[in-house]
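Following: one structure in structure tokens, then a few remarks.
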Amino acid sequence: MDKAKIGIIGAGWWAAENHIPILQSRADVEVAAACRLGKSELRLLQDRFKIPFITEDYRELLGQELDGVVVCSPHNLHYEHATAALNRNLHVLCEKPMVLHTAEARELAARAQAKGLHFVIPYGWNYSDIAVKAKEIIDQGEIGSIEHVHCHMASAHRDLFNGEPTWWAESAFFKPLSSTWSDPAAGGGFLHGQLTHTLAMMFHVTALEPAKVFALINHFKSGADRSNSICCQFTNGATGSFGGAATMPPRSTYQVDIRIFGSKGMLLLDLERPRLELRRNDQTGGAIAIDQQPGGYSCVEPLNAFVDLIHGRRVENRSPAVLGMHVVEVIDAAFRSAKSQTLQAV
């Protein structure tokens, strides 16, 4: 295979700003087809990126000669589009949130595994130096068995989740679709839009699996969740506290703080003031050098990994479907718990 032929389903704001330019920067990729609603927008997209085939119907796109598909449609359509692509035996990169419901996530993970297809969710922090080194430390047993995890995230997206114009997309080729981010029925809100990233990094680094969840959630006027506080118990008996808010002042950098407590020590990860620090019960450890910008998030590495996997190269998928499944399990259970005010099994 000289070039991996990729189709884009949901070629809107983020596809035009990130996915298509990154894919087209590679000599071993052809963005062969794109799908979105709106004939005039499709023509603008084709004119800008010179994509050979465009359509408003994703089924027509899946009928083209493709090796893989990037799904970046509205959140509540991910399951339909990713399932259809897997059924065509195509590799899939599916934007977060992977899907909205646990049953859908489990089915997609099982389908991808059964078919032997690559399924990547572009969680950029999983590919960062801090996450790679943190996972190595835990895998080597430096903090022993994990007993508790604290996971906090905050971001400056009050406007986005409240259905208002966003300061960071003022010059975008296409504007973000408001309903995708602010309509709770479509998966809008902080949990699906933001905390999903931090949960994904935590699950990648720790390899924990969720079992039970209790949550309290506050909301914007749009109905989308604004802030949340989540308690979790994992299958190994460890406990976790997750949460955060979308209400930092505009132009603030991301706050991400993960603290992992084990039987032999603890590991501290901070992305706002980049830090990776090991503290062991035997008084060894200390700060670990990392290549990380304050609040920095990479949007390139997951796409590169997806292409390399399609080409059969030996690269690690640090954000596979099973990891996305665990993230969805927590978020889905959190919404059910907040509504019922009861502890929920995942």
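Every read-out reported here was derived from the displayed coordinates using simple, explicitly stated rules and does not represent laboratory data. It should be emphasised that the depicted structure is a prediction, and the values quoted were computed from it without experimental measurement. No Cβ is skipped: glycine too gets one built from the backbone with ideal geometry, and neighbour counts run over all protein chains shown.
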**Asked** Under a GNM of the chain (C-alpha, springs under 10 Å), which listed residue has the highest mean-square fluctuation: A11, A321, A186?
**Response** A186
**Request:** Could you please state, rounded to a whole Å, how far the C-alpha centre of the stretch 1-21 is from the C-alpha centre of the stretch 267-288?
**Result:** 38
**Asked** Looking only at GluC sites (Glu not before Pro) in DSSP loops with at most 11 other Cβ atoms within 10 Å, what is the longest site-free stretch of the chain?
**Response** 171-346
**Message:** How big is the stretch 267-306 along each principal axis, measuring the range of its Cα positions in Å and listing the largest first?
**Reply:** 41, 21, 12
**Complete:** Set K133/K264; K96/K264; K39/K175; K5/K135; K3/K115; K96/K212, cut-off 25 Å on Cα-Cα distance; pairs above it are K96/K264; K5/K135
**Message:** If amide hydrogens are placed 1.01 Å from N in the peptide plane, which non-local residues have theirs closer than 5 Å to the one on A211?
**Reply:** Q233, F234, T235
**Request:** Please report, in whole Å, how far the alpha carbons of the stretch 4-123 spread along each principal axis, starting with the longest.
**Result:** 39, 28, 27
**Asked** Hey, what number do you get for the chain at 222 nm if only DSSP H runs of n ≥ 4 count, each worth -39500 (n - 2.57), divided across all residues, to the nearest 500?
**Response** -9000 deg cm²/dmol
**Along principal axes, Cα extents of the stretch 108-234, largest first, whole Å** = 46, 35, 30
**Residues with amide H under 5 Å from that of A34, placed H, sequence gap 5 or more** = I8, F53, I54, T55
**Fill in**
In whole Hz, the Karplus estimates of ³J(HN,Hα) for the stretch 288-295 (6.51, -1.76, 1.60; θ = phi - 60°; x where Gly or Pro) are 10, 5, 9, 9, 8, 7, x, x
**Request:** For each of H148, H204, count neighbouring Cβ atoms within 10 Å of the residue's Cβ, then give the residues from fewest to most.
**Result:** H148, H204
**Asked** Most mobile of F335, F119, F53 per a Gaussian network model of the chain (Cα springs, under 10 Å)?
**Response** F53
**Fill in**
Along the stretch 242-249, Karplus-curve 3J(HN,Hα) (6.51, -1.76, 1.60; θ = phi - 60°) to the nearest Hz, with x for Gly and Pro, reads 10, x, x, 8, 9, 10, 5, x
**Prompt:** How about the stretch 307-341: which trypsin sites (Lys or Arg not before Pro) there are in a DSSP loop, with at most 14 other Cβ atoms within 10 Å of their Cβ?
**Reply:** R313, R314
**Request:** Scan around L177 for amide H atoms under 5 Å from its own, H built in the peptide plane at 1.01 Å from N, and keep only partners 5 or more places away or cross-chain.
**Result:** W13
**Fill in**
the chain: relative contact order from alpha carbon pairs under 8 Å, six or more residues apart, as a whole percent, is 20
**Prompt:** Semi-axes, largest first, in whole Å: what does sqrt of 5 times each Cα gyration tensor eigenvalue give for the chain?
**Reply:** 32, 23, 20
**Message:** Charges on Cβ only, +1 for Lys and Arg, -1 for Asp and Glu, centred on the Cα centroid of the chain; of P249, G7, Q113, which one is farthest towards the dipole's positive end?
**Reply:** P249
**Request:** In whole Hz, with x marking every Gly and Pro, tabulate ³J(HN,Hα) for the stretch 330-341 from phi via Karplus 6.51 cos²θ - 1.76 cosθ + 1.60, θ = phi - 60°.
**Result:** 5, 5, 4, 5, 5, 5, 5, 5, 4, 6, 8, 6
